[in-house]
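Here is the structure we will look at.
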Amino acid sequence: MWAFIQKLRSPKWFYAIGGKCQPWFWAAALGLIALGSVWGLAFAPADYQQGNSFRIIYVHVPTAFLAQSIFVSMAACGLAFMVWKIKLADMAASVMAPIGALMTFVALYSGAVWGVPTWGTWWIWDARLTSMLILLFLYIGVIALRRAFASLEGGARAASVLAMVGVINIPIIKYSVDWWYTLHQPASFTITGRAAMPMAMWAPLLVMVVGFYCFFIALTLTRTRSEILRREGGKRWVRELVEEGADGL
Amino acid sequence: MAFDSLADFIAMGGHARYVWAAWGVTLLMLLALTLFAWFEQRLALRVLRRHLRRTPTLAERQVPKASVTLAQAPTTQATLQTSAQASIQDGSQDSTHNRSAP
Amino acid sequence: MRLCLEARQLACERDDRPLFGQLDFALGSGDIVQVEGPNGSGKTTLLKILSGQLGDYQGELFWNGVSLRQNRDHFLANLLYLGHAPGVKAGLTALETLAWYQALAGDIPSEDTSLEALAQWGLAGFEDVPAHQLSAGQQRRIALARLLLQPRPLWILDEPFTAIDRNGVALLESLIQAHANAGGCVVVTTHHRLDIARLGRIRLGVTGE
Amino acid sequence: MNRPNEPQRGADAAVVAMLKRDLMLLLRQRGDVINPLVFFALVITLFPIGISPEPALLAVVAPGLLWVAALLAALLSLDGLFRSDFDDGSLEQWLLAPQPTALLCMAKVLAHWLLTGLPLALIAPLLGVMLALPAGSYWALCVSLALGTASLSLIGAIGAALTVGLARGGVLLSLLVLPLYIPVLIFGSGAVSAAVVGSGLAAHLAILGALLAVALMLAPWAIAAALRISING
């Protein structure tokens, strides 16, 4: 484990490793998402109650999962940066934040759209959607705080602390919102709460979720490598690498 | 295949607007993120190359030296005289009354 | 008692800009060191590192042979740091400020020593005046009164002469000299030319002239 | 002169001194204590004007309005918590005290709560009357606010510490802190609504207490870390 942390301290090693396994993740993401989309849209059975608007689940659930996982991984990177002083972790965290915010927004949008055919309004204060909305505000807070500091270093540390404070609050917020929702609308049908789904329905969902996670890993690898180029431009190995001519992306 | 024809597939049993809106936004977001990452990488490389052209010599960045001249107290300093500390700046006279501005 | 603040291969980089590198020195009893350098050469940063406020540096710092990162609280108990801003609350009177500082440092506050320290700094009669009615120079003198009030072996003073008049400067220089003679150690940054006998210098921002 | 100095008195003296200093400072600047209360009263008077003076309608939304207004009033006063210390250099000094910083932060937050959270809780029943809050729930309002504003002060202090070094930190502070206030708001206003309905509010107060316990355990360390970050810029 300790050797791994030592390796992580050098962006040079990560840049090389990232370059090698990045194409694999992009390919996996493309393949899985394409397969999941076709399977979920065309072949999966429609829901007996909601009809075909149920197919939005194949987009809403993966983005919702990613939204939460990205915040947790951002907080983990923040912890690694604050405790073990791994600069690379902060580069990854600063790159993940916008991705997470975008995923949360899309999850919110698809959840709201999903509610329209059944409720007739664009926004319903469903427990999960409300938690998702609060998560979006947490993301915006972390991004705004990182950019508010004049020095890169100060912004990085402040954002790491806020990410860690935020990740502790996510479960608290989630349970208090669920409790609040059941208090005010006890017996209503929650859009995203599902009884057990038949295999034909959840199989494409699993493919889509794995596809989205591969997409996230691939995207983070690529963007972190760009961040390394931006931040470590002065270093010798970066200059030599760039001077060798177009290296593999 | 859950649909009879392509037209039926497009119509999504009357929920076309919602399904395609949600899916459209998501796939658009995926595409946008991918393209953004691609151009971001290329931009970073291009900026770096332009920066390199401006500073051709691969000189290690100018780390400003810090010179340390500790006044040698006549009595007590002898024991603490470590080699690292003895980087007496050449040329600066080590007089006791350091009047002249360095 | 040998007190020794030693730096080995001290280097610091702020926002990708190297401030100083390979800085080695050992400050012992009786040393007075002035940190010089143009604006932005990292003087305050160096002082913040030496006073243990900034942990983000390469190299090692030792206080009496033990790394600063290990026994920070013990080191802080032996340090008196005066920063750019005097650290005097506008709403408090001089006596209240000094009593607060003594309580923070763990000393037993005694009013008469505070009064005596303030008197020596020419603040007799101003002890119970809220600081917002005092001039910047007088507020600086309240902070400087701590030099007399709280005996600490290591003094780190960041621009202590700002807003101080002529006899204040003379008094401060004599205090620094007396502290060094008694075996203490002083690190100071100032653009004022110090009239002190054995003055060590750490010049920053020397780019190979 | 140069024997190593050992602090004779422990952290308790420092905490008491910090608490005394802060209470003295806040009481000398009445404005900082009065402003949140006036803001609270003003916001409450806006709602009947904005919505409708009809008591039956107001009674329904009264718990939520009182809690939201109190929360915003507490948030308003947070910005000055560390800012004055940061500006005059005393923050730098007490961060250098040989005592644990988290303990001193707790003292500062306690002083802030005593002079903003508690007064808000005490004045709330008076404003409850203006919103035709049903009888019997005034006591619940007071207790839940007192308990809730303590967590609000602790969580808010983290945001205040993170933004103390920034020029226009005020707006950013509310952006950072409001999402974290939501659980406290839910159980706080839930307690008052439960009292209005007459069902037991022990559960709500218990959860508010739990939130306070978690905040008390974790917030001081985050505040200390955030202050060290803001000081070093």
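The values are calculated or read from the model by the stated rules, or taken from the named source; none is laboratory data. Nothing here was measured: the structure is a model prediction, and the numbers come from that model. Every residue, glycine among them, receives a Cβ derived from its backbone with ideal geometry; neighbour counts consider all protein chains shown.
Quick one: D:L205 ticks every box in (1) aliphatic (A, V, I, L, M); (2) buried (at least 24 other Cβ atoms within 10 Å of the Cβ); (3) out of contact with any Pro (no Cβ under 8 Å at 6 or more places or on another chain); (4) more than 23 Å from A:L136 (Cα to Cα) except a single one, so which number is it? All conditions are met except number (2). Filtering segment A:45-92 to residues that are part of a loop (DSSP other than H, G, I, E, B) and either of a type in the set (D, E, K, R) or buried (at least 17 other Cβ atoms within 10 Å of the Cβ) (or both) leaves A:A46, A:Q50, A:K85, A:I86.
Checked against (1) in contact with a Gly (Cβ under 9 Å, 6 or more places away or on another chain); (2) modelled with pLDDT under 90; (3) under 17 Å from B:A22 (Cβ atoms), A:E153 meets all criteria but (3).
Scanning segment D:1-55 for residues that are loosely packed, with under 13 Cβ neighbours inside 10 Å, within 12 Å of chain C (Cβ to nearest Cβ), over 18 Å from the mean Cα position of the chain (by Cα) and part of a helix (DSSP H, G or I) yields a single hit, D:D12. Among the residues of segment D:17-71, those identified as free of Cβ contacts under 8 Å to residues at least 60 places away in the same chain, among the hydrophobic types (A, V, I, L, M, F, W, C) and under 26 Å from C:L104 (Cβ atoms) are D:A17, D:M24, D:L25. If you take the residues of segment C:1-32 that are under 19 Å from C:Q177 (Cα atoms) and more than 7 Å from every other protein chain (Cβ to nearest Cβ), which of them is surrounded by the most Cβ atoms within 10 Å (Cβ to Cβ)? Residue satisfying both the conditions and the ranking: C:I32.
Within segment C:163-198, the set of residues being farther than 17 Å from C:Q120 by Cα and part of a helix (DSSP H, G or I) comprises C:A180, C:N181. If you go through segment C:53-81 and pick out every residue that is more than 24 Å from D:A226 (Cα to Cα) and in a loop (DSSP other than H, G, I, E, B), you end up with 3. When C:L118 is tested against (1) over 24 Å from D:D22 (Cβ atoms); (2) part of a helix (DSSP H, G or I), only condition (1) is not met. Cβ-Cβ distances below 7 Å connect the following pairs, each with a first residue in segment C:115-129 that is without any contact (Cβ under 8 Å) to a residue 60 or more places away in the chain, a second residue that is assigned to a loop (DSSP other than H, G, I, E, B) and not charged (D, E, K, R), and a separation of six or more residues or different chains: C:L118/C:A124; C:F126/C:L134.
With respect to (1) in contact (Cβ under 8 Å) with a residue 12 or more places away in the chain; (2) within 14 Å of chain D (Cβ to nearest Cβ); (3) within 30 Å of C:R166 (Cβ to Cβ), the lone exception for C:D107 is condition (3). Within segment C:44-58, the set of residues being out of contact with any His (no Cβ under 9 Å at 6 or more places or on another chain) and buried (at least 16 other Cβ atoms within 10 Å of the Cβ) comprises C:T45, C:L46, C:L47, C:K48, C:I49, C:L50, C:S51, C:G52, C:Q53, C:L54, C:Y57. Of all residues in segment C:159-172, those satisfying the criterion of being within 15 Å of the chain's Cα centre (by Cα) and crowded, with 17+ Cβ neighbours inside 10 Å are C:E159, C:P160, C:F161, C:L172.
Suppose the filter is within 7 Å of another protein chain (Cβ to nearest Cβ) and outside any helix (DSSP H, G or I); does B:A2 pass it?
yes
Candidates in segment C:105-131 are the residues that are farther than 22 Å from D:D32 by Cβ and among the aliphatic types (A, V, I, L, M); of these, the one that is nearest to the chain's Cα centre (by Cα) is C:A105.
Would you be able to say whether some residue in segment C:145-155 is at positive phi, of a type outside the set (A, V, I, L, M) and either away from chain D (no Cβ under 14 Å) or surrounded by fewer than 23 Cβ atoms within 10 Å (Cβ to Cβ) (or both)? No - not one qualifying residue is present in segment C:145-155. D:Q99 meets the conditions (1) among the polar types (S, T, N, Q); (2) at pLDDT 90 or above; (3) within 30 Å of C:N78 (Cβ to Cβ) in every case but one. The failed one is (2). Looking only at residues in segment D:168-182 that are under 16 Å from D:A150 (Cβ atoms) and in contact (Cβ under 8 Å) with a residue 60 or more places away in the chain, the one that is nearest to the other protein chains (Cβ to nearest Cβ) is D:V177. For segment C:36-45, the condition of being part of a strand (DSSP E or B) and at negative phi holds for at least one residue. Examine segment A:108-130 for a residue that is closer than 29 Å to A:R225 by Cα, within 13 Å of chain B (Cβ to nearest Cβ) and crowded, with 24+ Cβ neighbours inside 10 Å, and state whether such a residue exists. The answer is no, given that none of the residues of segment A:108-130 is closer than 29 Å to A:R225 by Cα, within 13 Å of chain B (Cβ to nearest Cβ) and crowded, with 24+ Cβ neighbours inside 10 Å. Among residues belonging to segment A:35-61 that are among the aliphatic types (A, V, I, L, M) and more than 10 Å from chain B (Cβ to nearest Cβ), point out the one that is farthest from the chain's Cα centre (by Cα). Among them, the one singled out is A:V38. Against the test of being within 21 Å of C:G87 (Cβ to Cβ) and part of a helix (DSSP H, G or I), the options D:L66, D:L81, D:L58 yield a single qualifying residue, D:L81.
Taken over segment A:141-167, the criterion of being assigned to a helix (DSSP H, G or I) and at the interface with chain D (Cβ under 7 Å from one of its Cβ atoms) is satisfied by A:G141, A:A144, A:L145, A:A148, A:G154, A:R157, A:A158, A:V161, A:L162, A:V165.
Of the residues making up segment D:95-117, just one is free of Cβ contacts under 8 Å to residues at least 60 places away in the same chain and more than 19 Å from the chain's Cα centre (by Cα), namely D:L96.
Take the residues in segment C:174-209 that are without any contact (Cβ under 8 Å) to a residue 60 or more places away in the chain and crowded, with 18+ Cβ neighbours inside 10 Å; name whichever of them is farthest from the other protein chains (Cβ to nearest Cβ). Step by step, filter segment C:174-209, then rank; the result is C:L175.
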